[in-house]
Structures are given as structure tokens and as C-alpha cells.
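The next block holds one structure in the form of C-alpha cells; read it before the comments.
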Amino acid sequence: MFRIIHKRQLSDAVFEMGVEAPKIAAKARAGQFLMVRIDERGERIPLTFSDWSAEEGWVRFIFMRVGKTTHSLSHLEVGDSLLDVVGPLGVPTHVDSLGRVAVVGGGVGVAVAYPVARAMAEAGAKVSVIIGARNNDLLILEDELRALPLERLIIVTDDGSAGIKGLVTHPLKEMCEAGELDAAFAVGPAIMMKFCAATTREFEVPTTVSLNPIMVDGTGMCGACRVSVGGETKFGCVDGPDFDGHAVDFEELMSRQRVYSDLEREADAEYAQGCQCHL
Amino acid sequence: MPPLDDTARSGSAPAERPRHKPTRGPRMPMPERDAKERASIFDEVGYGYSSEMALEEAMRCLQCKNPTCQTGCPVNIDIRGFIGAIIEGDHPRGVAVIKDRNALPAVCGRVCPQESQCESACVLAKTGSPIAIGRLERFLGDSDLACELERRCVPAKAPASGFRCAIVGSGPAGLACAGELAQLGHAATIFESLHAPGGVLSYGIPEFRLPKDILSAEIETLSALGVEIVTDTVVGQLVTIPELLSEEGFDAVFIGSGAGLPVFLGVPGENLNGVYSANEFLTRVNLMRAYEFPKADTPVWRGRKVAVVGGGNVAMDSARTALRLGAEEVFLIYRRTEEEMPARKEEVHHARDEGVEFKMLCSPVEIVGRDGFVTGVVASRMELTDPDESGRRAPVCVMDSEFTIDCDTVISAVGTRANALMANGAPDLELTNRGYVVADELGSTSMSGVFAGGDIVTGAATVILAMGAGKTAAQAMDRWLRESR
């Protein structure tokens, strides 16, 4: 059992949660993830580290309330426990010798962009961060990012309610055009990562994307998370989650992410009957 | 008929015991659920023998002076001895005889390929009716598990040695190794990456063939020996093998992590939605209980027409699971013929009885789909060549013989390979170029104090071979610990 010791609501549907897990905290590195199972009947879901403390023995993750499992998770409070927390899983993000790098985070992906930007800055990179959300209410971790030694932090919203109105690819393209980038890292919705990779491709800026395919075990056993990278099948959990954004087949990734959408609606409907918060 | 040799039997019997007179007759069939009924439920197919049936079957045993059955057993169980115990009505002794060699009789009685091991070596095999050794083993295993934990057969333990051993993986190899180490007096801690112990016994083999209650009871008995199981721990990620030997203070390590990485078909379309590895399909259903969805949270795609590719036990398990999830048609695509199928014969018969349609001598060349979802498998007809020097007949494609099988789900059950995750952070551990651990026949690896056995050394094989390797390695570890530490 893993005791919940921290919970913070970051926006209407986005929560940050911290659990006691000293062994995992001692090994966690930016870009890696956890598999979490709430209870006996729960599914195993992958959640990327947003923060951790080896000294204090905790790890944190951020999730958006979208389906039954994340809804149940959002109802747990400090003092409750999660049945299973497994990690750290996946290959850590490459942060060394990057030079000038843009870290792009969209939506809940900012939860991953934050520790990645921090690790890159600690490793000596000159890091610019671009974070995007539909509107100001959905922006997360702005204060935490401001506390990092960044070259700059650019905020983009679809409706202009915070920062620049537009898409994260706009400032990314400007930085590419100005020749300011040696590398880029993007994490967020698959469609956002696809367009970030498309933006940097013409400028030949190496771009890493942190993918979020469906997983079951998270250890390479099932192959649910397979993605095509440069025409080869890779497993998101053990070969990734980071891949060369210019080689990923995003259309396939997006199609595979939708495989259970009908079934998930069924589970959500069943769950909503017993839940006050309206799924 | 060979005379009964009492003195050779384990636990030398009193002289006044009546001579065993074998009965003649066919094998005692095991009662099983009706094929129609069972094809839609996950309950176990075979009910197992009653005491009367077990006795009647045991009475057929010749109690040979030279028991060839035992030589057919990969872990050398004294089969004549345990059948003799059934004949005498001393079931606890029968259990003890098996447990001397095999810690999981109720599991192995169900999943071992007896027809190609002990039963094929039985003298009566020539008559076509070998003793049903597997069913008798299951009978004894189950009779032990039916007892309260304190009354079950737990082998005697040697005095505590003070040595601590770490075991990577709680599948057949790891469980057998840990059980043996505990008996030899060492503290044994198993690290399991999933949330439940058992490895392939838990995520792979379905409820209808190996009920989870049986598995957990067997594991509970091992725990009574003092074996500790720590779940949710991925060795190579959370802790490395060198760290187990240093920071964590273990004196020796056994790697029994299995061959867990699924192999896909390598044909176009294999990443379409509706294409599963058997590992994923079975894990969703067995470990995550997707058959109870939405009461359990993990979904599984319930295909109407399901094509399973492969001819082993995993293929049979997948096909029969698909039927139980409500598939209208399940096809089994195999590139050789039923004759060459590596699956247990009983599973093949069960699959056929339940309605799985066998499409032999064909091999998928492409998976086709629409809007990202599978709509069919294009397969090529195959034919078998004349036997080569080893007697093996190779399947070759028949030119221009492609045809399409309409289906909405494809399950690839064509094998698994090594998952080298556990070797992260252990650069001194020698692996083959395919990621398997290099180990000698006793399990020693390139790292001092690190042993390995089971599928991670040999490639995918059987439960009993993995258990045998785990046990052999435990004995080698015992010698190494006592001699070099």
C-alpha cells in the first residue's frame, strides 16, 4: 500500500498527488513513469513523475480527470492509500549536452515538461520552456517553472486568456527560424507532439517526444504500447517513453489511443450512476 | 508382468502389506464440464478425480521394478512411490513424495505436458492407456490444498544458514528455487514486477485451466516455508542485481524472470487496433479480470470473429478465452498440422470440442483493416516438406494461394522472447545476443553469486522445466553459499 501524503487541485479537472514511496523516489529520473493501481478491481494506468524527493521519500504525479480510474483517483484524499505503485519505469529522458533546448508542454503534459526542464537546466542546458493550454484556468505549474533557471518561459493559450494567443508551435517555429535551438523536447497530446515535430523537422532540430500509449503492465510484457518509429515497432514502456519525434508514426499512435473509447464510455456511464460528480 | 519390488519403494513398507495386484482396464476418464456449458464460462474444465477414481486409476499401475515413468519426468519425481501411496490410501505420504521434487503438484498436475513426458514413458503407453499420472498428481495436490494451511504438507527445513537469497521473478522457476532454498535453510525473498505472484501461472494460464485459488493456495503453502514475496518491484529499474548483492545485503541472486517479451508476426498491419499479443490478451483477462468489465476496470476488445495464430498452449488458451468472452467464431491459424502442434493434446481436444475452428497449414502474410481496426487476415496456404535428416518437416508457402479470413481480432501466439530489463545496471551479467542470460547447466552465470534458470536461460519452454531449473540452481546456490561465503 502506498499512502497519499499530498493532494492539490491544479485546475477544474487536473490534480497533483504525492505518495510515500521512498525506494521509487531514490531512483526516479526525469521522463520516467509509474504504473498505478487503486484497488483490487482497478486497472493499471501509467502516470509520469511530475516531481519527487529522494530525501523525503515521496513521488508526485499529475493527472486529468477523464475516465473512471482518474475520477476515482481524484476522490482519494491525503491519508488514503493506493494499492500498487510500480516504478520508476521507462528510460529517463536524455538531458546531457543538449546546448540550447526548447521544452514544450501542452495541457497535462506540462507535468512532464517541468521535471524534464529542471533536469536539463541542472545538466547545463540553456532551456526555454513553452507551455500551452486551452485557457488560463487549465495552465499548470507556472510558478514552479518560473522558479527554475530558464532562459525564458513562454505561455500560450488557445483563447489568449494568458500569455500569447495561439498554439505552442508558433513560438517554437520562431525560435527555430531565429536559429536559437540545438534540440527540442515535446510532451502533451499526441496531436500537439505531431505538430511540434513537424515544425522542427524543416529546421532539422532534433526533437524528442514523450509518448503516452495505452499500457497494461509497463514492463515490456504485453506490447499494448507498441508504436512505429522509423518503420520499426517499439514498445513505449521499455524502449521509451521518449522517441525521435521525426520518426514516430503519430497517426498510428492516435488511432491506437482510441481503441477502447467505446468501452471506456460504458465504464464511465456505469461509474457515473454511483458518483456525484458527473463524469 | 514385473513383480512388485517393495524394498525399492520410498519409505520401505512393512512386510505384511498385501501384494499389489494391478487391475487391467482403460484409463479412468476425468469428469469435466460439458463442452457447451464451459465454452461460455471461465470455471475450470476438469473436475479432478474423486478418491475412488484415483484409487481405481492407481490400481492399474504396475509398480514396475524399473519405473520408466520417473525417467520421463524432468524433475525426476518418484512417480511409482506416490502412486503406491494412493494404492495404500496414504495420501499425505503421496503428497510428500511429490513435494520432495516438485513444490507445486496441483499446478503441474494441470499444466504439465504429461503425454510427452512421464505418461509417454509409462510401460502401459504401448497399450495406448498409460497411467493418468498427471491426474493422479493433481488429485494429491488438490487433496493437500483442501487441508487447512497448518495441516498441509510442508517439507522439513534445514537449520537456518543465515544466508539471504534474492529471487527475481515469481513464476515457476522463481517459486521452485525459493522453495528449495527455504528448505535448505536460507532466507528467500522473491521480487515480482507485477502486483500478483505467479508469473505466467498468474497472467498467462487462464482460470478455466488453472484456477487462481489453486495457484494462490500453492503459493500460500510455499510462504508457510518462509518464502517472502515482494510484489511491485521491477528489478533493473527499482533495484539492480549488483544493488541486491551490495546495498540490499543478499548473499546470492537467482534470476528467473522468464521470457516475457511478446513476439509479433512481423507482417504488415500488426499494429492495427484489434491485434493483440497473446500476452496482452491473456493478461487483460486473467490478471486484470477484463472478463468482468465494467465491474473490473480493465477493458478487453471482445471480438466477434477472432483469429489466433499459433499452435502451442498459449494459442489454445487464447482461442478458448476468446470463445468465453463471447466470440461467435474463433479460428486457429497454424502453419503446420495438428500432428505437429506443440500444445498439450488435452488442450487441443478441449479447444476443438468447445468450437474452435482449426485452419491448419496456413500462415498470415498480412493483417488488413479499415479506419484503424482489423477486418481480416490474409493467409497463405502452406505445405510440409519431406522430413529432413532430423525428421522435421518444414512448412513452405504454396505460391499464389493467399486467401482472406474475415475477423475483427487477431491474437499473435507465436512465442515470446527474453526481456532483458532485469539486466539494467548489471553490465557484468553476460547475455546472449538475443538477451537471454548465459548460464551453465547448474545455473551459474558470469557474475559471482548470481544464478539463473528457466525461460530466461533456455527460451520459452514448460512450467516443469523452469521449475526443475529453479530447483537445480537452488542446490548450486546452496553449495556456493556454504563453500565460498
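The set of residues in the stretch B:123-141 that are outside any helix (DSSP H, G or I) and under 15 Å from B:GLY84 (Cα atoms) comprises B:ILE131, B:ALA132.
Among the residues of the stretch B:345-357, the one identified as closer than 24 Å to B:GLY391 by Cα and out of contact with any Gly (no Cβ under 9 Å at 6 or more places or on another chain) is B:LYS345. Scanning the stretch B:232-251 turns up one or more residues that are surrounded by fewer than 20 Cβ atoms within 10 Å (Cβ to Cβ), on the phi > 0 side of the Ramachandran plot, at pLDDT 95 or above and over 23 Å from the mean Cα position of the chain (by Cα).
Does the stretch B:209-245 hold any residues that are more than 14 Å from chain A (Cβ to nearest Cβ), under 12 Å from B:LEU149 (Cβ atoms) and without any contact (Cβ under 8 Å) to a residue 24 or more places away in the chain, and which are they? Correct list: B:SER223 only. Can we say A:SER97 is touching a helix residue (DSSP H, G or I) at 6+ places or on another chain (Cβ under 7 Å), among the hydroxyl-bearing types (Ser, Thr, Tyr) and more than 30 Å from A:ILE38 (Cα to Cα)? Considered against the rule, which asks whether it is touching a helix residue (DSSP H, G or I) at 6+ places or on another chain (Cβ under 7 Å), among the hydroxyl-bearing types (Ser, Thr, Tyr) and more than 30 Å from A:ILE38 (Cα to Cα), A:SER97 comes out as no. Taking the stretch B:252-313 and the strands (runs of 3 or more DSSP E) fully enclosed by it, the elements with 1 or more residues that are under 24 Å from B:GLY470 (Cα atoms) are at B:252-255.
Can B:VAL463 be described as in contact with a Pro (Cβ under 8 Å, 6 or more places away or on another chain), of a type outside the set (Gly, Ala, Ser) and crowded, with 22+ Cβ neighbours inside 10 Å? Answer is yes for this residue. Scanning the stretch B:363-374 finds one or more residues that are surrounded by fewer than 16 Cβ atoms within 10 Å (Cβ to Cβ) and within 14 Å of another protein chain (Cβ to nearest Cβ). Tell me, yes or no, whether the stretch A:82-97 has at least one residue that is surrounded by fewer than 18 Cβ atoms within 10 Å (Cβ to Cβ), more than 14 Å from every other protein chain (Cβ to nearest Cβ), over 30 Å from B:LYS295 (Cα atoms) and of a type in the set (S, T, N, Q). Within the stretch A:82-97, one or more residues are surrounded by fewer than 18 Cβ atoms within 10 Å (Cβ to Cβ), more than 14 Å from every other protein chain (Cβ to nearest Cβ), over 30 Å from B:LYS295 (Cα atoms) and of a type in the set (S, T, N, Q).
Of the residues making up the stretch B:187-215, those that are within 17 Å of B:LEU287 (Cβ to Cβ), more than 15 Å from the chain's Cα centre (by Cα) and small (Gly, Ala, Ser) are B:SER193, B:ALA196.
Annotation: of all residues in the stretch B:444-485 being closer than 22 Å to B:VAL263 by Cα and assigned to a helix (DSSP H, G or I), the one that is nearest to the chain's Cα centre (by Cα) is B:VAL463. Out of A:GLY240, A:GLY231, A:GLY220, one residue alone is surrounded by 16 or more Cβ atoms within 10 Å (Cβ to Cβ), more than 8 Å from every other protein chain (Cβ to nearest Cβ) and of a type outside the set (A, V, I, L, M, F, W, C). It is A:GLY240. For the structure I just gave you, tell me whether B:ARG138 is crowded, with 21+ Cβ neighbours inside 10 Å and of a type in the set (Lys, Arg). Yes, satisfied.
Among the residues of the stretch B:279-306 satisfying the criterion of being crowded, with 24+ Cβ neighbours inside 10 Å, more than 25 Å from A:PHE250 (Cα to Cα) and in contact with a Gly (Cβ under 8 Å, 6 or more places away or on another chain), which is farthest from the other protein chains (Cβ to nearest Cβ)? So, considering only residues that are crowded, with 24+ Cβ neighbours inside 10 Å, more than 25 Å from A:PHE250 (Cα to Cα) and in contact with a Gly (Cβ under 8 Å, 6 or more places away or on another chain), the one farthest from the other protein chains (Cβ to nearest Cβ) is B:ASN286.
Just for the stretch A:1-49: of the residues that are farther than 14 Å from A:PHE63 by Cα and assigned to a strand (DSSP E or B), which one is nearest to the other protein chains (Cβ to nearest Cβ)? Filtering first and then ranking leaves A:PHE2. All of (1) at pLDDT 95 or above; (2) crowded, with 24+ Cβ neighbours inside 10 Å hold for A:THR48 with one exception: (1).
The values are calculated or read from the model by the stated rules, or taken from the named source; none is laboratory data. Just so we're clear, the structure is a prediction, and the values are computed from it rather than from any experiment. Neighbour counts are summed over all protein chains in view; Cβ atoms, including those assigned to glycine, are modelled from backbone coordinates with ideal geometry.
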